[in-house]
1. Kindly work out what percent of the DSSP beta bridges joining two residues of the chain are antiparallel, to the nearest 5.
2. Cα extents of the chain along the three principal axes, largest first, in whole Å?
3. Go through 97-106, 116-125, 144-153, 22-31 and give me the packing order, highest mean Cβ count within 10 Å leading.
4. How about Lys73: which aspartates and glutamates have a C-alpha closer than 12 Å to its C-alpha, ignoring those fewer than 8 places off in the same chain?
5. Given a cut-off of 30 Å, name the pairs among Lys55/Lys161; Lys41/Lys148; Lys88/Lys136 whose C-alpha atoms lie farther apart than that in the structure shown.
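The numbers here are math on the coordinates, done by the rules we state, and not lab data. Owing to the predicted nature of the structure, the values given are computational and were not obtained by experimental measurement. Here the Cβ positions follow ideal geometry from the backbone for every residue, glycine too, while neighbour counts run over all protein chains shown.
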Amino acid sequence: MASIIANLPETLKIRTSENEVVEVTGKLINESLVIKELFDKNGDIKSDEITIEVKSKELKNAVKVLELCDLEKPHVSMSGYLDLATLKGANLEALEFLNSIPGDDMAALCNLSFTLELARLSDLCLATIAGFIAGKNVIEIREAFGLKNDYTEEEEAEFRKRHEFDV
């Protein structure tokens, strides 16, 4: 597939914050508004390698997820429940992979998707997280994502009292 922006290469090596090089395709480059903007601002970059301050593991997971998507079809961002069903139906393999990622890695991948402005990946991560937390209580969600409970018992009691009718 030819890149949408004329000066984007078919492949690109991204040097991560750990100094590891991850090769990505033009399809993935087209998914990231941040990477495309780097090329737009810098004109025709002669090098086939750029450095982006991201972690290798997260970038590799992003590449894997996007390789499982049909990147030939344009992405339509989710705006409601019907869009979620369509997103899930069109990306079953990617969602299966995402469901295999531990909670803290999923949170990091979701963060990367926002950092690199990967809308398709952001929507897939959010759909996975929404499915994962459905039916779980606060303690189960904290444990799954390695979140520390930094509220005192009094603060939690006050919160429950204020929101007792919200459930």
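1. 65 percent
2. Each principal axis gives a Cα extent; for the chain these are 60, 36, 27 Å.
3. Top of the packing list down: 116-125, 22-31, 97-106, 144-153.
4. Correct list for Lys73: Glu31.
5. Going by Cα-Cα distance, Lys55/Lys161; Lys41/Lys148 fall outside the 30 Å limit.
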